[in-house]
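Data first, discussion second: the structure below is written as structure tokens.
The values are calculated or read from the model by the stated rules, or taken from the named source; none is laboratory data. This is a predicted model, so every value here is computed, not measured. Note: ideal-geometry Cβ built from the backbone for every residue, glycine included; neighbour counts use all protein chains shown. Surface areas here come from the heavy atoms of the whole protein model, side chains and all, with no ligands, DNA or RNA. Shrake-Rupley method; radii C 1.70, N 1.55, O 1.52, S 1.80 Å.
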Amino acid sequence: QVQLVESGGGLVQTGGSLRLSCAVSGRTARSYGMAWFRQVSGKEREFVASISRSGGRTYYADSVKGRFTISRDNAKSTVALQMSSLEPEDTAVYYCAATILEVSILQRSYTSWGHGTQVTVSS
């Protein structure tokens, strides 16, 4: 079983940037496709971005395309989400997730989840 721990959340003003990081332990990071999801209280968790095992393929939700960048460093067993031009609508708890598939945008594909990190964008 893989363990995931997110960090890097916080409070930022509209237009600002944040970098989230996910530390992967327990199993070899390169064995997993990875993704970021987010959830606003009272709403369903939604897909943000995903990256393939090697990092060669990435996918983004339309709402973050061009503003967010997902990346991974398999040597360091980390996955990052660089967020820029942040908007109040990006406020949510952000979750790191792992799948045994090469890559997926579907929440049901992901079987390992972190506890989340709060991102708050003030207007």
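At a probe radius of 1.4 angstrom, the accessible area of the chain per residue rounds to 51 square angstrom.
Scanning the chain for GluC sites (Glu not before Pro) lying in DSSP loops with no more than 15 further Cβ atoms inside 10 Å, the longest uninterrupted stretch between such sites is 45-101. Protein heavy-atom surface of the chain, 1.4 angstrom probe: 48% of the accessible area is carbon and sulfur, with nucleic acids and ligands not counted.
For the pair Ser41 and Leu101, a Förster radius of 35 Å applied to the C-beta separation gives a FRET efficiency near 0.75, rounded to the nearest 0.05.
Spin-label model, Arg108 to Thr120: label points 7 Å out along the Cα-to-beta-carbon direction sit 3.5 nm apart.
Quick note on segment 23-62: its Rg to Rh ratio, both from C-alpha atoms and Rh being the Kirkwood radius, is 1.06.
Please state, rounded to one decimal and in Å, the Kirkwood hydrodynamic radius that the chain gives when every pair of distinct Cα atoms enters the mean of 1/r.
Numbers: mean 1/r = 0.0711 Å⁻¹.
Over the chain, the inverse of the mean reciprocal pair distance is 14.1 Å.
Computed from phi, the 3J(HN,Hα) profile of segment 9-18 under the Karplus parametrisation 6.51, -1.76, 1.60 (θ = phi - 60°) reads x, x, 9, 9, 7, 3, x, x, 10, 8 Hz, with x in place of Gly and Pro. Distance between the modelled labels on Ser63 and Val5, one decimal in nanometres: 2.9 nm (7 Å Cα→Cβ projection). Between Leu106, Leu18, Leu81, the residue with the greatest mean-square fluctuation in the GNM of the chain (Cα pairs under 10 Å linked by springs) is Leu106. Sparsely packed loop sites in segment 70-123 (the trypsin sites (Lys or Arg not before Pro) outside DSSP H, G, I, E and B with at most 14 other Cβ atoms within 10 Å) comprise Lys76. Counting only DSSP beta bridges whose two residues both lie in the chain, roughly 90 percent are antiparallel.
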